[in-house]
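Scroll down for the structure; my scribbles are underneath it.
Values quoted throughout were computed directly from the atomic coordinates according to the rules given, and no laboratory measurement underlies them. As the structure is a computational prediction, the values presented were derived from the model and not from experiment. Note that each Cβ is placed from the backbone with ideal geometry, even for glycine, and that neighbours are counted across all protein chains shown.
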Amino acid sequence: MPTVPRLFSAIIALLVMVGCSPRVAAPTAAPAAPPTSAPAAVLGPRGRATLARWGFLPPRQASSTFAPDVAIKGLVATPRSFTRDDLMTLPAETVQVSFQAGPGITNASFTGTRLLNVFDAAGGAKLPIDSNNAKLRVTVMVTGADGYQVALGWGELDPEFGAAPILVAYASDGQPLGDQQGMARLVVPGDKRGGRYVSTVKSMELRDPGPAQP
């Protein structure tokens, strides 16, 4: 009869090959703790979740700053919140990006919808028209659930100006974003550093500072 470590290794090998959890009933008795050298780190989120459900790994605690939806506020016709399912109904695209994060370089693909699509789905942006190109003074304040904030200029998104493919991403390398990145993440292709790749996006607000006073 195989030992628990050998059984555990066989299960991991199977999960790595199929990429998802097998449809079998959970064992009635809690198995012995796996050896510390078990290569659980090679599994994707679903594989780790399966091992946790079977008792081979401790359940993963959700981040206290995880945002389950994104609130669209400010200068939009119909302020509302978007869940992951809501975002997935909008036109999707995948981008391959490379940016510096700390001392290293991150290379990844992200799938999501353009930030402009999200504003359109909230009824469209209500941009000022009181002066020539007044919309170019509008900013987009993106706030993460941890309080991190980044401001973008409307001109970066506007099809008549920057038309940048800035995404509200909900998947990375083919997998849904996890607790560390939140349900949604801002992705700014072309940025050399990842400072504007806001994780755990909680809200995005269109703001107008108003016309300059003479």
Provide GLU93, GLU205 in ascending order of the number of other Cβ atoms located within 10 Å of each residue's Cβ, fewest first. GLU93, GLU205
Length gained if ASN133 through GLN149 is fully extended, taking 0.36 nm per residue and subtracting the Cα-Cα distance, is 3.2 nm
Of ASP85, ASP191, ASP173, how do they rank once you tally other Cβ atoms within 10 Å and put the fewest first? ASP85, ASP173, ASP191
Give me THR89, THR111 ranked fewest to most by other Cβ atoms within 10 Å of their Cβ, as a rough exposure proxy. THR89, THR111
Can you list the HN-Hα couplings for the range 183-198, worked out from phi with the Karplus curve (6.51, -1.76, 1.60; θ = phi - 60°), rounded to whole Hz and with x for Gly and Pro? 4, 9, 9, 6, 10, 10, x, x, 5, 6, 10, x, x, 9, 7, 5
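Highest first, please rank the peptides 144-154, 194-204, 124-134 by the mean number of other Cβ atoms sitting within 10 Å of their residues.
Most protected by this proxy first, the peptides run 194-204, 144-154, 124-134.
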If amide hydrogens are placed 1.01 Å from N in the peptide plane, which non-local residues have theirs closer than 5 Å to the one on LYS126? VAL76, ALA77
Note, ³J(HN,Hα) from phi for the range 137-143, Karplus 6.51, -1.76, 1.60, rounded to Hz, x at Gly and Pro: 8, 6, 10, 10, 8, 9, 10
Sequence neighbours fewer than 8 away in the same chain don't count; with that in mind, list the aspartates and glutamates whose C-alpha is under 12 Å from LYS202. ASP69, ASP146
For ASP86 and ARG207, calculate 0.36 nm times their separation in residues minus their Cα-Cα distance, and state this gained length in nm to one decimal. 41.2 nm
